[in-house]
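Visitor: Mind looking over this structure? Questions follow.
Any read-out appearing in this document is the output of simple, stated calculations on the displayed coordinates, not a laboratory observation. All values reported here derive from a predicted model rather than from experimental measurement. A quick note on method: Cβ atoms are made from the backbone with ideal geometry, for glycine too, and the neighbour counts reach across all protein chains shown.
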Amino acid sequence: MISKPIGVFDSGYGGLTILKEMVSVLPQFDFVYMGDNARAPYGTKSFETIYEYTLQCVQWFFDQGCPLVILACNTASAKALRTIQQKDLPLIDTNKRVLGVIRPTSEVIGNFTQTGHVAVLGTTGTVESGSYLIEISKFFPEINVSQEACPEWVSIVENNQIESPEADYYVKKHIDNILTSDKKIDTLLLACTHYPLLQEVIKKHIPENISIISQGNIVAQSLKNYLEKHRNIAEICSKQGKRHYFTTGNATDFNNHASLFFGSEIKANQLFLG
Ligand code: DGL
């Protein structure tokens with residue numbers, strides 16, 4: 001086992017799209033990935049359930065020795081992060097850190113738009129939380145943000161139906177909805193870590209002047225900046241370039257599916273949360 005890895009969490013496979021970029025930006029650091037596949041999707045669950053599951057997983061990462069955990073899941077970042085940071089961390093261990101993906105994305109999203117009109121595509125949980133509206137308005141108060149929940153997209157990706165007629169149908173449906181609601185939108189933010197896998201399908205349904213923004217590189221760069229600024233945390237983290245993968249679901253299924261998200265083979269272990 002690795003002594004002090006950075007923990008990366010998602011409800012399932014989506015966070016691997018973020019981990020992939022983290023590994024490329026910070027290759028010397030050790031990472032432990034955990035997907036809560038047995039209880040995914042999170043996007044349609046209540047605040048209480050997402051908070052309870054996420055906290056349990058964060059505690060698991062701490063038990064593995066992680067000084068820092070990244071919630072590479074927008075839904076968990078929207079629904080559980082703030083309570084964990086404010087209420088739980090002071091009781092668990094004040095030296096541990098938990099960060100999410102919404103703030104780093106909101107900090108830079110304004111740099112991508114020319115028209116100042118941005119669309120946020122996410123799970124029902126992320127959209128209903130209003131987290132992106134709040135965070136983006138702090139950094140770019142002049143930007144007009146529209147939101148669209150795309151509840152079918154996660155299962156399409158999880159079930160490997162990216163090239164199916166269903167994928168085409170549901171991608172077109174939500175893209176048409178959002179682009180009709182505001183004709184000045186020039187930037188689509190994929191605010192769910194599963195959605196980058198639908199990028200090619202999305203491209204088919206949008207005009208060329210609209211750009212698609214995925215979070216992987218944004219979050220990885222932000223983690224790099226964070227570690228440069230917080231030398232005390234960076235120094236504790238172990239650096240042997242090792243990666244371990246865990247799933248609460250079936251490990252064989254995870255391994256078969258994960259390379260699609262990560263871009264190379266993965267060998268995960270199944271874990272049972274108590
Ligand atoms: N990948 C997660 C996110 O970024 C959502 C997937 C799910 O619904 O479990 O929001």
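Visitor: Can you run down the residue pairs with Cβ atoms below 6 Å, 6 or more apart or on separate chains, where the first is in the stretch 81-106 and touching a residue at least 24 places away in the same chain (Cβ under 8 Å) and on the phi < 0 side of the Ramachandran plot and the partner is surrounded by 22 or more Cβ atoms within 10 Å (Cβ to Cβ) and of a type in the set (Ser, Thr, Tyr)?
Guide: These pairs meet every condition: 100/77; 101/77; 102/77; 102/131.
Visitor: Which numbered condition in (1) part of a helix (DSSP H, G or I); (2) touching a residue at least 12 places away in the same chain (Cβ under 8 Å) is the only one that residue 70 fails?
Guide: It is condition (1) that residue 70 fails.
Visitor: With respect to residue 89, determine if the residue is aliphatic (A, V, I, L, M), within 16 Å of the ligand (Cβ to nearest atom) and either touching a strand residue (DSSP E or B) at 6+ places or on another chain (Cβ under 7 Å) or closer than 21 Å to residue 274 by Cβ (or both).
Guide: Judged against the criteria, residue 89 is not a match.
Visitor: I'd like the full set of residues that are surrounded by fewer than 22 Cβ atoms within 10 Å (Cβ to Cβ), among the small types (Gly, Ala, Ser) and closer than 29 Å to residue 234 by Cα, limited to the stretch 180-219.
Guide: 214
Visitor: Could you list all residues from the stretch 132-151 that are within 11 Å of the ligand (Cβ to nearest atom) and of a type outside the set (A, V, I, L, M)?
Guide: 150, 151 - these are the residues of the stretch 132-151 that are within 11 Å of the ligand (Cβ to nearest atom) and of a type outside the set (A, V, I, L, M).
Visitor: Specify which of the listed residues (42, 33) is hydroxyl-bearing (Ser, Thr, Tyr), within 9 Å of the ligand (Cβ to nearest atom), buried (at least 24 other Cβ atoms within 10 Å of the Cβ) and in contact (Cβ under 8 Å) with a residue 60 or more places away in the chain.
Guide: Just a single option satisfies the conditions, and that option is 42.
Visitor: For the stretch 156-178, does any single residue satisfy the condition of being within 12 Å of the ligand (Cβ to nearest atom), part of a helix (DSSP H, G or I) and out of contact with any helix residue (DSSP H, G or I) (no Cβ under 6 Å at 6 or more places or on another chain)?
Guide: Scanning the stretch 156-178, I find at least one residue that is within 12 Å of the ligand (Cβ to nearest atom), part of a helix (DSSP H, G or I) and out of contact with any helix residue (DSSP H, G or I) (no Cβ under 6 Å at 6 or more places or on another chain), so the answer is yes.
Visitor: List the number of the failed condition for residue 121; all other conditions in (1) in a helix (DSSP H, G or I); (2) touching a residue at least 40 places away in the same chain (Cβ under 8 Å); (3) within 15 Å of the ligand (Cβ to nearest atom) hold.
Guide: Looking at each condition in turn, residue 121 falls short on (1).
Visitor: With 265, 228 as the choices, which residue is in a helix (DSSP H, G or I), of a type in the set (Asp, Glu), surrounded by fewer than 13 Cβ atoms within 10 Å (Cβ to Cβ) and out of contact with any Cys (no Cβ under 7 Å at 6 or more places or on another chain)?
Guide: When all the criteria are applied, what remains is 228.
Visitor: Now for a different question. Assigned to a helix (DSSP H, G or I) and within 14 Å of the ligand (Cβ to nearest atom), is that true of residue 84?
Guide: In short, no.
Visitor: Please state which one of 58, 69 is under 24 Å from residue 263 (Cβ atoms) and more than 10 Å from the ligand (Cβ to nearest atom).
Guide: After ruling out the rest, the residue left standing is 69.
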